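Engineer: Got a structure for you, written out below as C-alpha coordinates; questions coming shortly.
The values are calculated or read from the model by the stated rules, or taken from the named source; none is laboratory data. Small disclaimer: the values here were computed from a predicted structure and weren't measured. Here the Cβ positions follow ideal geometry from the backbone for every residue, glycine too, while neighbour counts run over all protein chains shown.
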Amino acid sequence: MSARYDCADTQQQREEGLAAAATAAQEGELVVLPTDTVYGIGADAFNPQAVTALLAAKGRGRNMPPPVLVGSVSAAAALTESLGAFGQDLIDEFWPGPLTLVFRSSPTLMWDLGDTLGTVAVRMPLHPVALDLLRRTGPMAVSSANRHGMAAATTVDEAQDQLGEAVQVYLDSGPCADSVPSTILDLTGTVPKLLRAGALSIDDLRKVVPVIDLPTASPAPELSPADRRAAAAIAAANAAAAAKQAGQAPQAPQAEPPEPAEPADDSSPSD
(Lines give C-alpha, C1' and ligand atoms only; values in the text may rest on other atoms or scores of the structure.)
Protein backbone atom coordinates (compact mmCIF):
# COMPACT_ATOMS: atom_id res chain seq x y z
CA MET A 1 0.00 0.00 0.00
CA SER A 2 1.23 3.49 -0.86
CA ALA A 3 2.31 5.83 1.94
CA ARG A 4 1.81 9.59 1.83
CA TYR A 5 3.69 12.16 3.89
CA ASP A 6 2.84 15.83 4.37
CA CYS A 7 6.27 17.45 4.09
CA ALA A 8 4.78 20.92 4.56
CA ASP A 9 3.12 20.06 7.88
CA THR A 10 5.81 19.34 10.46
CA GLN A 11 9.53 18.70 10.45
CA GLN A 12 8.84 15.21 11.76
CA GLN A 13 6.51 14.36 8.86
CA ARG A 14 9.04 15.71 6.41
CA GLU A 15 11.89 13.71 7.90
CA GLU A 16 9.80 10.53 8.04
CA GLY A 17 8.72 11.05 4.44
CA LEU A 18 12.24 11.68 3.17
CA ALA A 19 13.55 8.61 4.99
CA ALA A 20 10.75 6.44 3.60
CA ALA A 21 11.23 7.79 0.07
CA ALA A 22 15.00 7.25 0.16
CA THR A 23 14.52 3.68 1.38
CA ALA A 24 11.88 2.99 -1.27
CA ALA A 25 14.14 4.32 -4.05
CA GLN A 26 17.08 2.25 -2.84
CA GLU A 27 14.83 -0.85 -2.88
CA GLY A 28 13.78 -0.22 -6.48
CA GLU A 29 10.37 1.29 -5.70
CA LEU A 30 8.84 4.43 -7.20
CA VAL A 31 8.30 7.71 -5.35
CA VAL A 32 6.48 10.94 -6.15
CA LEU A 33 8.29 14.11 -5.17
CA PRO A 34 7.68 17.85 -5.52
CA THR A 35 9.90 19.98 -7.74
CA ASP A 36 10.02 23.67 -8.64
CA THR A 37 7.94 23.00 -11.77
CA VAL A 38 5.52 20.05 -11.43
CA TYR A 39 5.39 16.89 -9.32
CA GLY A 40 7.66 14.12 -10.54
CA ILE A 41 7.67 10.33 -10.38
CA GLY A 42 11.15 9.08 -9.59
CA ALA A 43 13.26 5.93 -9.47
CA ASP A 44 16.88 5.04 -8.82
CA ALA A 45 18.58 5.99 -12.10
CA PHE A 46 20.99 3.05 -11.78
CA ASN A 47 18.29 0.41 -11.28
CA PRO A 48 17.05 -0.72 -14.73
CA GLN A 49 14.05 -2.58 -13.28
CA ALA A 50 12.97 0.55 -11.38
CA VAL A 51 13.31 2.70 -14.51
CA THR A 52 11.26 0.15 -16.46
CA ALA A 53 8.59 0.30 -13.74
CA LEU A 54 8.59 4.11 -13.96
CA LEU A 55 7.98 4.02 -17.72
CA ALA A 56 5.26 1.39 -17.25
CA ALA A 57 3.52 3.47 -14.55
CA LYS A 58 3.39 6.40 -16.97
CA GLY A 59 2.40 4.25 -19.95
CA ARG A 60 5.54 5.15 -21.89
CA GLY A 61 8.04 3.10 -23.86
CA ARG A 62 11.84 2.97 -23.99
CA ASN A 63 11.77 5.50 -26.81
CA MET A 64 10.90 8.19 -24.24
CA PRO A 65 13.65 7.91 -21.59
CA PRO A 66 13.23 10.00 -18.43
CA PRO A 67 15.47 12.91 -17.44
CA VAL A 68 17.74 12.61 -14.42
CA LEU A 69 17.52 14.92 -11.41
CA VAL A 70 20.59 15.54 -9.27
CA GLY A 71 21.21 17.16 -5.91
CA SER A 72 24.60 18.67 -6.75
CA VAL A 73 26.61 19.95 -9.70
CA SER A 74 29.31 17.36 -9.07
CA ALA A 75 26.72 14.60 -9.45
CA ALA A 76 25.70 16.04 -12.82
CA ALA A 77 29.29 16.26 -14.01
CA ALA A 78 29.85 12.60 -13.13
CA LEU A 79 27.01 11.60 -15.48
CA THR A 80 28.35 13.41 -18.52
CA GLU A 81 31.19 12.87 -20.94
CA SER A 82 31.81 16.62 -20.85
CA LEU A 83 29.95 19.77 -19.88
CA GLY A 84 31.11 21.28 -23.16
CA ALA A 85 31.67 24.91 -23.98
CA PHE A 86 28.50 26.22 -22.35
CA GLY A 87 27.44 23.68 -19.73
CA GLN A 88 29.32 25.06 -16.76
CA ASP A 89 28.28 28.67 -17.44
CA LEU A 90 24.61 27.67 -17.78
CA ILE A 91 24.80 25.61 -14.59
CA ASP A 92 26.44 28.46 -12.69
CA GLU A 93 23.74 30.88 -13.81
CA PHE A 94 20.55 28.81 -13.68
CA TRP A 95 20.99 25.84 -11.33
CA PRO A 96 19.22 24.93 -9.23
CA GLY A 97 16.29 25.94 -11.37
CA PRO A 98 13.95 25.09 -14.28
CA LEU A 99 16.62 24.34 -16.91
CA THR A 100 17.17 20.81 -18.22
CA LEU A 101 20.46 20.33 -20.07
CA VAL A 102 21.11 17.48 -22.50
CA PHE A 103 24.69 16.19 -22.59
CA ARG A 104 26.58 13.23 -24.01
CA SER A 105 26.46 10.68 -21.20
CA SER A 106 29.61 9.24 -19.70
CA PRO A 107 30.49 5.96 -21.47
CA THR A 108 31.44 4.42 -18.12
CA LEU A 109 27.90 4.58 -16.68
CA MET A 110 26.31 1.23 -15.91
CA TRP A 111 22.63 2.09 -16.34
CA ASP A 112 19.70 1.76 -18.73
CA LEU A 113 17.30 4.70 -19.01
CA GLY A 114 15.88 3.55 -22.34
CA ASP A 115 16.77 4.55 -25.88
CA THR A 116 18.90 7.57 -24.99
CA LEU A 117 21.24 7.38 -28.03
CA GLY A 118 24.16 8.08 -25.72
CA THR A 119 22.73 11.24 -24.16
CA VAL A 120 21.36 12.22 -20.76
CA ALA A 121 19.00 15.06 -19.81
CA VAL A 122 20.00 16.46 -16.41
CA ARG A 123 18.46 19.02 -14.05
CA MET A 124 18.98 20.26 -10.51
CA PRO A 125 15.57 21.41 -9.19
CA LEU A 126 15.09 24.43 -6.97
CA HIS A 127 12.99 22.75 -4.29
CA PRO A 128 14.19 21.95 -0.75
CA VAL A 129 12.36 18.61 -0.45
CA ALA A 130 13.58 17.42 -3.85
CA LEU A 131 17.17 18.47 -3.14
CA ASP A 132 17.14 16.83 0.27
CA LEU A 133 15.89 13.56 -1.21
CA LEU A 134 18.36 13.63 -4.12
CA ARG A 135 21.28 14.19 -1.78
CA ARG A 136 20.23 11.04 0.07
CA THR A 137 19.56 8.86 -2.96
CA GLY A 138 21.94 10.13 -5.60
CA PRO A 139 20.74 10.72 -9.18
CA MET A 140 17.13 9.76 -9.83
CA ALA A 141 15.32 9.17 -13.10
CA VAL A 142 12.36 11.55 -12.76
CA SER A 143 9.53 12.33 -15.14
CA SER A 144 6.35 14.34 -14.63
CA ALA A 145 3.96 12.52 -12.28
CA ASN A 146 1.18 11.67 -14.71
CA ARG A 147 0.05 9.07 -17.17
CA HIS A 148 1.38 9.67 -20.67
CA GLY A 149 -0.87 12.05 -22.59
CA MET A 150 -2.49 13.52 -19.48
CA ALA A 151 -1.77 16.82 -17.76
CA ALA A 152 1.24 16.90 -15.44
CA ALA A 153 0.31 16.77 -11.76
CA THR A 154 0.66 20.00 -9.80
CA THR A 155 -0.63 18.44 -6.56
CA VAL A 156 -0.09 15.08 -4.89
CA ASP A 157 -3.83 14.36 -5.22
CA GLU A 158 -3.55 14.67 -9.01
CA ALA A 159 -0.48 12.43 -9.05
CA GLN A 160 -2.12 9.81 -6.83
CA ASP A 161 -5.29 9.80 -8.92
CA GLN A 162 -3.25 8.96 -12.03
CA LEU A 163 -0.51 6.70 -10.64
CA GLY A 164 -2.20 5.01 -7.68
CA GLU A 165 -0.50 2.01 -6.11
CA ALA A 166 2.29 1.96 -8.71
CA VAL A 167 4.05 4.45 -6.42
CA GLN A 168 5.31 3.36 -3.00
CA VAL A 169 5.79 6.81 -1.38
CA TYR A 170 4.14 10.16 -2.09
CA LEU A 171 5.81 13.31 -0.73
CA ASP A 172 3.27 16.11 -0.43
CA SER A 173 4.64 19.65 -0.33
CA GLY A 174 1.45 21.44 -1.34
CA PRO A 175 0.45 22.78 -4.77
CA CYS A 176 3.26 23.60 -7.17
CA ALA A 177 4.02 27.30 -7.41
CA ASP A 178 4.28 27.11 -11.20
CA SER A 179 2.91 24.44 -13.53
CA VAL A 180 5.18 25.40 -16.45
CA PRO A 181 7.73 22.64 -17.20
CA SER A 182 11.46 23.21 -17.40
CA THR A 183 13.15 24.61 -20.48
CA ILE A 184 15.21 21.94 -22.29
CA LEU A 185 18.46 22.87 -24.03
CA ASP A 186 20.51 20.35 -26.01
CA LEU A 187 24.26 20.85 -25.62
CA THR A 188 25.39 17.79 -27.59
CA GLY A 189 26.13 19.80 -30.75
CA THR A 190 28.29 22.78 -31.59
CA VAL A 191 25.39 25.22 -31.19
CA PRO A 192 22.98 24.81 -28.22
CA LYS A 193 19.55 23.75 -29.48
CA LEU A 194 16.21 24.50 -27.84
CA LEU A 195 14.22 21.29 -27.47
CA ARG A 196 11.39 22.70 -25.34
CA ALA A 197 10.43 26.22 -24.35
CA GLY A 198 9.49 26.35 -20.69
CA ALA A 199 9.77 28.20 -17.40
CA LEU A 200 13.13 29.76 -18.27
CA SER A 201 12.89 32.28 -21.10
CA ILE A 202 15.09 32.23 -24.18
CA ASP A 203 16.06 35.84 -23.48
CA ASP A 204 17.48 34.72 -20.13
CA LEU A 205 19.43 31.92 -21.81
CA ARG A 206 20.87 34.32 -24.35
CA LYS A 207 22.56 36.26 -21.56
CA VAL A 208 24.85 33.24 -21.21
CA VAL A 209 24.63 31.64 -24.67
CA PRO A 210 24.20 34.32 -27.35
CA VAL A 211 23.43 31.88 -30.19
CA ILE A 212 20.70 29.26 -29.75
CA ASP A 213 19.25 27.05 -32.49
CA LEU A 214 15.47 27.46 -32.23
CA PRO A 215 12.73 25.27 -33.73
CA THR A 216 12.35 26.12 -37.41
CA ALA A 217 9.35 24.18 -38.70
CA SER A 218 6.63 25.59 -36.46
CA PRO A 219 7.88 27.80 -33.64
CA ALA A 220 6.13 26.86 -30.42
CA PRO A 221 3.29 29.20 -29.41
CA GLU A 222 4.91 29.86 -26.06
CA LEU A 223 7.96 31.42 -27.71
CA SER A 224 8.20 35.19 -27.51
CA PRO A 225 7.90 37.34 -30.66
CA ALA A 226 11.68 37.84 -30.61
CA ASP A 227 12.21 34.08 -30.47
CA ARG A 228 9.84 33.51 -33.38
CA ARG A 229 11.69 36.12 -35.44
CA ALA A 230 14.99 34.43 -34.59
CA ALA A 231 13.60 31.04 -35.65
CA ALA A 232 12.36 32.55 -38.93
CA ALA A 233 15.77 34.12 -39.54
CA ILE A 234 17.51 30.77 -39.01
CA ALA A 235 15.08 29.12 -41.43
CA ALA A 236 15.70 31.83 -44.05
CA ALA A 237 19.47 31.52 -43.66
CA ASN A 238 19.29 27.74 -44.04
CA ALA A 239 17.13 28.11 -47.16
CA ALA A 240 19.54 30.67 -48.65
CA ALA A 241 22.51 28.42 -48.01
CA ALA A 242 20.77 25.46 -49.63
CA ALA A 243 19.78 27.54 -52.65
CA LYS A 244 23.33 28.85 -53.07
CA GLN A 245 24.75 25.36 -52.91
CA ALA A 246 22.27 24.27 -55.60
CA GLY A 247 23.20 27.25 -57.77
CA GLN A 248 19.83 28.94 -57.42
CA ALA A 249 18.97 32.46 -56.41
CA PRO A 250 17.52 32.43 -52.87
CA GLN A 251 13.91 33.47 -52.54
CA ALA A 252 13.10 36.41 -50.34
CA PRO A 253 11.61 35.26 -47.04
CA GLN A 254 7.91 35.88 -46.59
CA ALA A 255 6.89 38.65 -44.28
CA GLU A 256 6.19 37.54 -40.76
CA PRO A 257 2.47 37.49 -39.95
CA PRO A 258 1.25 40.07 -37.45
CA GLU A 259 1.39 39.10 -33.80
CA PRO A 260 -1.90 37.93 -32.27
CA ALA A 261 -3.50 40.22 -29.75
CA GLU A 262 -3.56 37.40 -27.17
CA PRO A 263 -1.01 34.61 -26.75
CA ALA A 264 -2.11 31.25 -28.09
CA ASP A 265 -3.49 28.83 -25.54
CA ASP A 266 -1.24 25.79 -25.21
CA SER A 267 -3.35 23.13 -23.57
CA SER A 268 -1.01 20.24 -24.43
CA PRO A 269 0.36 18.22 -21.50
CA SER A 270 3.88 18.94 -20.33
CA ASP A 271 4.76 15.25 -20.29
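Conditions tested, residue by residue: (1) assigned by TED's automatic domain parsing to the domain that holds residue 26; (2) free of Cβ contacts under 8 Å to residues at least 60 places away in the same chain; (3) of a type in the set (Gly, Ala, Ser).
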{"residue": "160", "(1), (2), (3)": "yes, no, no"}
{"residue": "163", "(1), (2), (3)": "yes, no, no"}
{"residue": "180", "(1), (2), (3)": "no, no, no"}
{"residue": "184", "(1), (2), (3)": "no, no, no"}
{"residue": "187", "(1), (2), (3)": "no, no, no"}
{"residue": "191", "(1), (2), (3)": "no, yes, no"}
{"residue": "194", "(1), (2), (3)": "no, yes, no"}
{"residue": "201", "(1), (2), (3)": "no, yes, yes"}
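Engineer: Let me confirm something: among 134, 194, which residue is farther than 30 Å from residue 12 by Cβ, at pLDDT 95 or above and crowded, with 20+ Cβ neighbours inside 10 Å?
Structural biologist: On the way: 134 fails: farther than 30 Å from residue 12 by Cβ.
Step by step, each of 134, 194 is checked, and only 194 is farther than 30 Å from residue 12 by Cβ, at pLDDT 95 or above and crowded, with 20+ Cβ neighbours inside 10 Å.
Engineer: Residue by residue through region 147-178, note down the ones that are surrounded by fewer than 16 Cβ atoms within 10 Å (Cβ to Cβ), of a type in the set (D, E, K, R) and part of a loop (DSSP other than H, G, I, E, B).
Structural biologist: Correct list: 178 only.
Engineer: All but one of (1) under 17 Å from the mean Cα position of the chain (by Cα); (2) modelled with pLDDT under 95 hold for residue 9, so report the exception by its number.
Structural biologist: For residue 9, the exception is condition (1).
Engineer: Can you pull out every residue in region 6-56 that is closer than 23 Å to residue 78 by Cβ, touching a helix residue (DSSP H, G or I) at 6+ places or on another chain (Cβ under 6 Å) and not β-branched (Val, Ile, Thr)?
Structural biologist: 18, 21, 22, 25, 28, 33, 43, 44
Engineer: How many residues does region 49-64 contain that are in contact (Cβ under 8 Å) with a residue 60 or more places away in the chain and over 21 Å from residue 164 (Cα atoms)?
Structural biologist: Number satisfying all stated conditions: 1.
Engineer: Answer yes if at least one residue in region 179-188 is under 24 Å from residue 118 (Cβ atoms), β-branched (Val, Ile, Thr) and assigned to a loop (DSSP other than H, G, I, E, B), and no otherwise.
Structural biologist: Checking region 179-188: at least one residue is under 24 Å from residue 118 (Cβ atoms), β-branched (Val, Ile, Thr) and assigned to a loop (DSSP other than H, G, I, E, B).
Engineer: Would you say residue 139 is buried (at least 16 other Cβ atoms within 10 Å of the Cβ) and in the same structural domain as residue 14 (by TED's automatic domain parsing)?
Structural biologist: Numbers: buried (at least 16 other Cβ atoms within 10 Å of the Cβ): yes; in the same structural domain as residue 14 (by TED's automatic domain parsing): yes.
It is true that residue 139 is buried (at least 16 other Cβ atoms within 10 Å of the Cβ) and in the same structural domain as residue 14 (by TED's automatic domain parsing).
Engineer: Follow-up. Provide a single number: the residues in region 126-146 that are assigned to a loop (DSSP other than H, G, I, E, B) and touching a Phe, Trp or Tyr at 6+ places or on another chain (Cβ under 9 Å). It would help to see each step written out before you state the result.
Structural biologist: Taking region 126-146 as the starting set, the residues that turn out to be assigned to a loop (DSSP other than H, G, I, E, B) are 126-127, 138-139, 145-146.
Restricting the remaining residues to those that are touching a Phe, Trp or Tyr at 6+ places or on another chain (Cβ under 9 Å) gives 126, 138-139, 145-146.
Total satisfying the criteria: 5.
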